[in-house]
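The values are calculated or read from the model by the stated rules, or taken from the named source; none is laboratory data. Remember, predicted model here, so these are calculated numbers, not experimental data. For neighbour counting, all protein chains shown are included, and Cβ atoms are generated from backbone atoms with ideal geometry for every residue, glycine included. SASA here: full protein model, heavy atoms, side chains in, ligands and nucleic acids out. Shrake-Rupley method; radii C 1.70, N 1.55, O 1.52, S 1.80 Å.
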Amino acid sequence: MAESVNEERLTQELRHELEQELDRPLDEAELQRVRELVRAQLRKELAAKRRREAATEEEYFVRFSRNFCLQHLVLAISVILLAITGLPIKFHDSAWAEFLFRHIWSLETNRLLHRVGASLLMLVAVWHIGWLMTREGRRDIRELLPRVKDFWDFVAHVKFMLGISAERPKFGRYSYSEKFEYWALVWGTAVMVLTGLMLWFHGIALAYFPKYIFDIALQAHSGEALLAILALITWHMYHAHFNPDVFPINMTIFTGKISKKRMIEEHPLEYEQIMRERAEAEQQ
Amino acid sequence: MRKIIALWVASVVLLSWLGYGQRDPNARCLLECHANPNLKREVAPGQFKSLYVDYDQFKASVHKDKLCIECHTDVTVIPHQRRPDQIHCLQCHYRGNVVGAPVSERPERYKESVHGKAVERGDPNAPDCKHCHTVHAVRAHTDPRSPVYRANIPKTCGSCHIEIYTEYLESVHGQALQKGVLEAAVCSDCHQEHDLFPPDDPRSSLHPQSVANTCARCHADVKIMERRGVPIKQVEAFKKSFHGIAIEFGVLKSANCISCHEYHKILSSRDPRSPIHPLNLAQTCGQCHPNASSNVARGRFHIIPSDPDAGIVFWVYEFYRWLIIVMTSFFILYIALDLYGRWRHAGRSSHG
């Protein structure tokens, strides 16, 4: 219905314009041609609109590159391996550590696995630093730098959660919590790698460092490790798995894709920017 | 004069015979033979074994109420028709003996010990019960005159292990013992007296995995160590250290107490001869860590991070403890808040 009304209106408008230009009324055949043209144009537009609508419904954005996802995967494997082999050394008095070392694998095997995990972690660290030099990496690190806005985002988010304010703060590519986690990871890895290398190569290190440095290194290593593991099983697991938005698992970090719906909800500023960039590209 | 003396001797003999005879069923053995210090038997041409029994000693021994024939059961007539059997203390001191001879598991396990095996092999120098306890003058180990009284044990063992004995006497334990500190370690505290195994035997109290517990019997005992003014945390600190963990889970090449402290010549860290004296420590650690330098002497050795004595290590420990508490509480609070927020907003949108 609306379409035929539209069609009639457009036809009449066009006719009016043409008549003014030609300075004479259009004859029946001419009018028929105008009507046909309008109808064809409208049909084309309608089809385009339908296509666009269908596309946006299942539209995905590429949030992370292959490379980035692979980095995360190796990191995850190494951290899990390190935790499994590190915790029983820290809690060597516990029954489960006892069980592990007496029945599953020996302390020597455990140490070997821990060092494999450590090597993977250092591999990822080097890889990541290399990646930060690429165009993609340079952009991401800029996005990851902490800003004053992050603090206010945090305050606003807490207010929102408490119901003091009704509006959710708008996050960019990385929200304050993601930035926090990233930098905590950077710091933690630095501490763990430094102290870990010292304990690993104590044979060499004993020549250069006083005994109390080893004791400090050991304490820092075990304290930082526990902190990291607790952060992973609370903060990280919540954001990646148990958060109702993504329950049971958030696949973004493995596939690199994020749905438009979550994109708009979680990273509205980035979404807006991407849209702006696309519009600009289309115009050119 | 001679007659008087002869009469006197005869009456003494008679009286003592009567005296023994009236009170003591052991009298015949003694009077006729074994009270004579010169009584001996030729075991090999030119070699004699004394058969004398010092009866005063015997009467003061733990077995004073036993009759000679309760132990020497095959002696029925005097003089013996044949040589009495060789007997052994274990014929009574075994588990389940109704006569009630005291046993711990230990005398029985003597047979499997280094010494017991050596005796079994016929090693003439190896100790049987009698070498440590004597035969007829056995006294309880609580009796200061006993050779197995704490203060006498080093000398008893030392009668065969002479070099070790002299080494031991110089150690803190030996010095303390000589000053009358009975709590100090004697040979049998470390080695056990009866179930004494070589250190590579897992049953040994000095197996690398057991050494810490052997020292711990005293060095983790607050009462003993406080009295002697020796710090007590070392054992706990050792067990928490990587060396201790490694030993516990079977990495025997790791260090245990004696790798660093020596064993017979254990000395205080203040003594310049000690392997743990700051000047010698690089060499001590160097047995296993060839690059160790004098740096290893910088910083206290046995520390428990949770103990304020640990100095800066304690502060690192505290820092992480509080960081973990604060951060984990924050994470959990944040998650609770987030869930609460979601719940609120979900409720509102379904109403509106």
Discussion item. Can you find a residue that is farther than 30 Å from A:His202 by Cα, crowded, with 16+ Cβ neighbours inside 10 Å and not hydrophobic (A, V, I, L, M, F, W, C) anywhere in region A:49-61?
Written reply: no
Discussion item. I'm checking my understanding of the structure. Among residues of region A:211-235 that are at the interface with chain B (Cβ under 9 Å from one of its Cβ atoms) and in contact (Cβ under 8 Å) with a residue 40 or more places away in the chain, which one is farthest from A:Leu120 (Cα to Cα)?
Written reply: A:Trp235
Worksheet item: In region B:249-352, which helices (runs of 4 or more DSSP H) lie fully inside it and hold 1 or more residues that are open to solvent by 40 Å² or more (accessible area, probe 1.4 Å) and either of a type in the set (A, V, I, L, M, F, W, C) or within 12 Å of chain A (Cβ to nearest Cβ) (or both)?
Response: B:257-261, B:312-351
Discussion item. Tally up the residues in region B:155-175 that are within 23 Å of B:Thr134 (Cα to Cα) and in contact (Cβ under 8 Å) with a residue 40 or more places away in the chain, please.
Written reply: 1
Discussion item. Restricting to region B:28-64, count the residues that are modelled with pLDDT under 80 and open to solvent by 80 Å² or more (accessible area, probe 1.4 Å).
Written reply: 2
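Let's see how each residue does on (1) under 21 Å from A:Ala240 (Cα atoms); (2) in contact (Cβ under 8 Å) with a residue 24 or more places away in the chain; (3) touching a strand residue (DSSP E or B) at 6+ places or on another chain (Cβ under 6 Å):
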{"site": "A:Cys69", "(1), (2), (3)": "yes, yes, no"}
{"site": "A:Gly86", "(1), (2), (3)": "no, yes, no"}
{"site": "A:His92", "(1), (2), (3)": "no, no, no"}
{"site": "A:Ala97", "(1), (2), (3)": "no, no, no"}
Item to complete: Kindly indicate the residue of region A:190-210 that is surrounded by fewer than 21 Cβ atoms within 10 Å (Cβ to Cβ) and within 35 Å of the chain's Cα centre (by Cα) and also nearest to the other protein chains (Cβ to nearest Cβ) among those meeting that condition.
Response: A:Leu199
Discussion item. Looking at the structure I just gave you, is A:Ala166 in a loop (DSSP other than H, G, I, E, B) and within 10 Å of chain B (Cβ to nearest Cβ)?
Written reply: yes
Practice prompt. Report yes if some residue within region A:134-148 is more than 27 Å from A:Leu70 (Cα to Cα) and touching a Lys or Arg at 6+ places or on another chain (Cβ under 8 Å); otherwise report no.
Written response: no
Item to complete: Give just the number: which of (1) loosely packed, with under 12 Cβ neighbours inside 10 Å; (2) under 30 Å from B:Ala246 (Cα atoms) does A:Leu46 not satisfy?
Response: (2)
